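Participant: Below: one structure in structure tokens.
The values are calculated or read from the model by the stated rules, or taken from the named source; none is laboratory data. It should be emphasised that the depicted structure is a prediction, and the values quoted were computed from it without experimental measurement. All Cβ positions, even for glycine, are placed from backbone atoms using ideal geometry, and neighbour counts span all protein chains on display.
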Amino acid sequence: MFLNHDRNFSTFLTIKYLVEHERVVDIYTLSRSMFESIISMGLLSKNIISDDLERYQNYQFTEIYKTYIHLRKLGLEGVSGLPQKDFAGIERKRDEYINKFGKNLSSWTGRSLEENVKLTDRNFPPTCNENRFYEYLYCQVYRKGSQSAHASYAGLSKGVDIEKMKLPGAFIAHRFKSNEPHLIFSCFHSIIVFLSSVRFLGSLTKNKQTENYFDKITKYIISES
């Protein structure tokens, strides 16, 4: 939990820098990454998933295994960072994980991100009188951020407006300018996602003031947007 929040804090500081330089697409991308982190935090903070800590920590062995196997198919396992003598231990721990928790490895919970989001909503108070607040953020932050993260045309183009400029000699040039509505939209939502990191850390530490602070500030942000 604390490692997640520390990472989210550094991500938020990076987003602050990107806002100063009006890098809309990068803000969407980092907010998307932070959103995945806060959903894990929400689930872990209330022990919603059985054996949650064991699942969360040992899921790494399925990830390491998958990467190593792919590199081995390419004949490049030597650059995996995993000594060959240690692979058997990783494979054994991966098999133990699957035997205990099943073959659904889409995430550490054995559920899709969307299912994890809905589970988070069901276990936390409504935000701004919305019972599916994190499902709303899933659409506005994760899905919209996916376009930017995957560098699709929609993801790259929504962050900029193109202006035509006349140059000496009757030449026409094009200049990129940040799309202000998207800049504001991405900023508001990145703040809410980071505040959720604070919220879930407060839930873990049983700090009731954190929930009140989150609700108050989030309502203000939504009203202003």
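Participant: In the set 92, 55, which member is surrounded by fewer than 18 Cβ atoms within 10 Å (Cβ to Cβ) and assigned to a helix (DSSP H, G or I)? I'd like the intermediate steps shown before the answer.
Facilitator: Numbers: 55 fails: surrounded by fewer than 18 Cβ atoms within 10 Å (Cβ to Cβ).
Exactly one of 92, 55 is surrounded by fewer than 18 Cβ atoms within 10 Å (Cβ to Cβ) and assigned to a helix (DSSP H, G or I), namely 92.
Participant: Moving on. Can you name the residue in region 70-85 that is part of a helix (DSSP H, G or I) and surrounded by fewer than 13 Cβ atoms within 10 Å (Cβ to Cβ) and is also farthest from the chain's Cα centre (by Cα) among such residues?
Facilitator: Per the stated criteria, the residue is 85.
Participant: In this structure, does residue 190 turn out to be among the hydroxyl-bearing types (Ser, Thr, Tyr), over 23 Å from the mean Cα position of the chain (by Cα) and outside any strand (DSSP E or B)? Steps first, please.
Facilitator: On the way: among the hydroxyl-bearing types (Ser, Thr, Tyr): yes; over 23 Å from the mean Cα position of the chain (by Cα): no; outside any strand (DSSP E or B): yes.
Judged against the criteria, residue 190 is not a match.
Participant: A further question on this structure: For the structure I just gave you, tell me whether residue 221 is outside any helix (DSSP H, G or I) and either touching a Cys at 6+ places or on another chain (Cβ under 7 Å) or farther than 17 Å from residue 46 by Cβ (or both).
Facilitator: no
Participant: Now for a different question. State which residue is modelled with the lowest pLDDT when the search covers only region 134-181 and only residues that are outside any strand (DSSP E or B) and of a type in the set (D, E, K, R).
Facilitator: Of everything passing the filter in region 134-181, 158 is modelled with the lowest pLDDT.
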